[in-house]
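The values are calculated or read from the model by the stated rules, or taken from the named source; none is laboratory data. Fair warning: this is a prediction, and the values are worked out from it, not measured in the lab. Cβ sites come from the backbone with ideal geometry, for glycine too, and all protein chains shown count toward neighbours.
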Amino acid sequence: MLVANPAASQFTGGDHRRILQMLSRSHLVESVWPSSAADARTIAADAVTAGFDGVVAMGGDGIVHQVAQSLVGTEVFLAVLPAGTTNVFARQAGLPARPVRAARLLTDEVPVRAWPVVSVEATMEDGARVVRHAVFAAGVGLDADVVAAAETEPYRKYWFGGLHYARTALRLYWSDLRKRRPTLEVVDGARSARGIGVMTQFHSTFTYFGRLPLRFSADPPAPMTVLTVERLPSRRLLPLLWHVARSAPGKVRGVEVWEGCEVFTVDADPPARVELDGEMIGRLRSARFEYRPDALWVAAPATAGSADA
């Protein structure tokens, strides 16, 4: 099943036609164009029910996230043809940067690997209970607010990519984040912290800023590394950026880094935004984040992503 998002910034009809022809030489392929995020999830779920071997997501991280929601916990693999702005998942998976080149991996025997996810059970602002899965990133508060602000100007994201996220983060920091007080309670067993933002890392690196790596610790996550920012006044911003670049943000006062997490919880009063894979899920009151090492099958080179996680 080839699920394509024609609104992706690097998508072209010519690439789509060429990829469909390439894949059809060795596989039976059905091409579908989802009309919404919910439609993409439904299409992927129908592919599982119908007995498809895999679902190919052509687009950016948004379509990857939506398709993956229906494939977690099944035997149906996820394949990705990067055609978005940042394509974080594709970089982590070691895929070629161009969709046609990535499609060549699928033209013969497909290399499939187990891939870790973080499953989130959340109570939202309106009381609704939701279960969603992150395939490369999850955050509550600070970074989710940056993503939400960046998404209000999608045309800037298409044109400027990571620079747009950086500009948005600095603007939001100056207008709000530097003055914000902690409203999140983060708990992992005997460890607890309060903060304005919490992020988890369960692959060696991830970043929205091009190929600039972001690491919470010098050691790879095993299984998760959780970063909580208590407060972020002006005097702490430059030290935090410096230590993030050196993979040691836990050395900054007011920042806690927990290694070796399998499960942690977040309570938010008032409700706080949550993002998974750069997709806004809404505002939550509470949530449980659980690492699941083999919950998803991904078509990726043998040395990619999950080998480092």
**Complete:** By residue number, the members of segment 1-36 that are surrounded by fewer than 18 Cβ atoms within 10 Å (Cβ to Cβ) and among the aromatic types (Phe, Trp, Tyr) are TRP33
**Message:** Condition first: under 28 Å from the mean Cα position of the chain (by Cα) and either assigned to a helix (DSSP H, G or I) or not assigned by TED's automatic domain parsing to the domain that holds VAL100 (or both). Now tell me which residues in segment 19-38 satisfy that.
**Reply:** ILE19, LEU20, LEU23, ALA37, ALA38
**Within segment 56-78, tally of residues that are more than 18 Å from the chain's Cα centre (by Cα) and either more than 18 Å from VAL131 (Cα to Cα) or charged (D, E, K, R) (or both)** = 2
**Asked** Tally time: how many residues in segment 224-246 are among the hydroxyl-bearing types (Ser, Thr, Tyr) and under 25 Å from SER119 (Cα atoms)?
**Response** 2
**Total residues in segment 98-124, condition among the hydroxyl-bearing types (Ser, Thr, Tyr) and either surrounded by 15 or more Cβ atoms within 10 Å (Cβ to Cβ) or out of contact with any helix residue (DSSP H, G or I) (no Cβ under 8 Å at 6 or more places or on another chain) (or both)** = 2
**Whichever residue in segment 65-121 is outside any helix (DSSP H, G or I) and of a type in the set (Ser, Thr, Tyr) and, among such residues, is nearest to HIS203 (Cα to Cα)** = SER119
**Message:** Within segment 39-56, take every residue that is part of a helix (DSSP H, G or I) and in contact (Cβ under 8 Å) with a residue 24 or more places away in the chain and give me the one that is surrounded by the most Cβ atoms within 10 Å (Cβ to Cβ).
**Reply:** ALA40
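The rows are residues; the columns are (1) at pLDDT below 95; (2) among the basic types (Lys, Arg); (3) under 19 Å from VAL88 (Cα atoms).
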{"residue": "THR168", "(1), (2), (3)": "yes, no, yes"}
{"residue": "TRP174", "(1), (2), (3)": "yes, no, no"}
{"residue": "ASP188", "(1), (2), (3)": "no, no, no"}
{"residue": "ALA222", "(1), (2), (3)": "yes, no, no"}
**Asked** Do you know which residues across segment 60-91 are closer than 20 Å to LEU23 by Cα, in contact with a strand residue (DSSP E or B) (Cβ under 6 Å, 6 or more places away or on another chain) and either surrounded by 24 or more Cβ atoms within 10 Å (Cβ to Cβ) or modelled with pLDDT under 95 (or both)?
**Response** ILE63, VAL64, VAL67, LEU78, ALA79, VAL80, LEU81, ALA83, ALA90
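Residue-wise test of (1) assigned by TED's automatic domain parsing to the domain that holds ASP53; (2) at pLDDT 90 or above; (3) within 30 Å of ALA38 (Cβ to Cβ).
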{"position": "ALA248", "(1), (2), (3)": "no, no, no"}
{"position": "CYS261", "(1), (2), (3)": "no, yes, no"}
{"position": "PHE264", "(1), (2), (3)": "no, yes, yes"}
{"position": "PRO271", "(1), (2), (3)": "no, yes, yes"}
{"position": "ASP277", "(1), (2), (3)": "no, yes, yes"}
{"position": "ILE281", "(1), (2), (3)": "no, yes, yes"}
{"position": "SER286", "(1), (2), (3)": "no, yes, yes"}
{"position": "PRO301", "(1), (2), (3)": "no, no, no"}
**Asked** THR123 passes all but one of (1) touching a Leu at 6+ places or on another chain (Cβ under 9 Å); (2) not assigned by TED's automatic domain parsing to the domain that holds VAL257; which number fails?
**Response** (2)
